[in-house]
Amino acid sequence: MVRYLGRGSGGFAHFASRYPFMVTAARGGGGGAGGGAGGAGFGDDGSACGHDSRLLTQSGEHQLSYPNEVLRGALYFGNRWQAISRHVVLESLRITHIVNASLDTPNAFAVKAKAKAKAKAGEAAAGLAGHAAGYAAGAAAAAAAAAAGPADGGACGGGEAAAAAAAVAYFNIRVKDKPDQDIGPFLDPAADFIEAALAAGGRVLVHCTQGVSRSGVVVLYYIMRSRGWGLRRAWTFVAARRSLMFPNATFMRQLWRCEPRLLGGRGRHSLLEGEIESMMEGMLPPLPPLADGEGGDCSGDGEGGDCSGVGDDGRCLGSGASCRVS
């Protein structure tokens, strides 16, 4: 939220248009930011839309939190409570795909809504070549519904009409958050799943129990692989969006060992193995700005500059400059 209020790009009105489900009016109606009575907010077109007063986050009432947005309108990073909330997953964010990296969270909105439809963790071994694409195809209708929005053509975060028709595709990662666990075999299949979902126009939530360790590794790995970034830059990018991320040391070393392969011909590490903990504690000096050829998928988003930084959607800030990794 601070980024929207401080970047000079529309301020609160811009924030409200992107996240209407997080905006409510003052009690008693009047001319508050949300408009008229009943807790009205703003839709994507700037129009007012009503919200259930039970969702007001005032003392003594139900307090609702949302996952952190890593890639704008596409990739979200949260915890188990958010992952089982119908309001969060289906009605507000219109999530179509979930990476469930916990051992204690059900696939609450699976394509086949019965427990028998749970995804099998063992699929992460050798037979996952078409796994992500298959899941993406199975949830194509959900992705289309998410892109289209509410059935009535409104823009108030999806609403019950879209939620009623929605179903979510799942990819399960069944490992404990323990130093003796190996999350490595799950990383590429999970990244394939996320990639296929986003390519189909879906929205992905990655979660574990607390949204701290296992899900953090999955998000970091996806960002490293999709953007062509080293661990250090990926950490800077993701931690800026979810500061409580803090994977265990074993998982972080596994990510570090992936760097040469993910960086291709530039096969080198972005930091020494002994610097991982310092990076996580914020004790390393800041990274220099991105240069041409170092931004991964950064074809420019028209916000000015010449690949000197990274935007909210993970792309470099540029006006048409070509800075893809060769």
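Data overview
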{"quantity": "Label-to-label distance, nm, for residues given as MET280 and SER65 (7 Å Cα→Cβ offset)", "calculated": "2.0 nm"}
{"quantity": "Gain on full stretching of the segment that runs from ARG261 to TRP81 - 0.36 nm per residue minus C-alpha separation", "calculated": "61.3 nm"}
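Taken together, the values in this text are just the output of simple stated rules run on the coordinates, not laboratory data. No experiment lies behind these values; they were computed from the predicted model shown. Note: ideal-geometry Cβ built from the backbone for every residue, glycine included; neighbour counts use all protein chains shown.
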